[in-house]
Amino acid sequence: QVQLVESGGGLVQPGGSLRLSCAATGIVFTNYRMAWYRQAPGKQRELVAAITSGGTPNYASFVKGRFTISRDSAKKMVYLQMHSLKPEDTAVYSCNAYQIRRDYWGQGTQVTVSS
């Protein structure tokens with residue numbers, strides 16, 4: 001059974017930092033592109049950052065320079081380090097594992113940026 005379990009969300013002040021983690025089970029981790037998406041209330045889900053099976057990252061323009069995605073294949077983990085958080089970063093952040101004909105999602109973790 002495939003499971004993606006996110007952790008690390010919470011309430012943080014503007015300018016603060018958080019590190020999200022996603023633990024993957026039930027997949028051949030090295031075969032998957034891993035990504036973080038987010039969805040704010042009343043908005044569509046959007047890609048935040050992705051990292052290929054080979055370790056190449058790419059980022060949405062609105063997080064470049066502030067967020068870093070990484071993966072640890074030995075632990076089957078993917079991370080999102082977030083710095084300089086803004087109120088507009090408030091959303092549910094979800095982990096995604098993708099390869100052709102296979103697409104899996106975690107339940108998400110809430111990130112709230114507020115003073």
Which residue out of ARG38, ARG33 is at negative phi, open to solvent by less than 40 Å² (accessible area, probe 1.4 Å) and of a type in the set (D, E, K, R)? ARG38
Taking the condition of being in a loop (DSSP other than H, G, I, E, B) and within 18 Å of GLY108 (Cα to Cα), how many residues in the range 44-65 meet it? 2
Could you tell me whether any residue of the range 4-19 is at pLDDT below 95, within 17 Å of GLN107 (Cβ to Cβ) and of a type in the set (S, T, N, Q)? no
Identify the residue in the range 71-87 that is without any contact (Cβ under 8 Å) to a residue 60 or more places away in the chain and either within 18 Å of GLY106 (Cβ to Cβ) or under 16 Å from the mean Cα position of the chain (by Cα) (or both) and, among all such residues, is least open to solvent (accessible area, probe 1.4 Å). VAL78
I'd like to know if the range 20-35 contains one or more residues that are among the charged types (D, E, K, R), under 11 Å from the mean Cα position of the chain (by Cα), closer than 22 Å to ARG101 by Cα and not in a loop (DSSP other than H, G, I, E, B). no
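The values are calculated or read from the model by the stated rules, or taken from the named source; none is laboratory data. Keep in mind it's a predicted model, so treat the numbers as computed, not measured. Quick reminder, even Gly has a Cβ in these numbers, built from the backbone with ideal geometry, and neighbours come from all protein chains shown. For accessibility, only protein heavy atoms count, side chains too; no ligands or nucleic acids. Shrake-Rupley method; radii C 1.70, N 1.55, O 1.52, S 1.80 Å.
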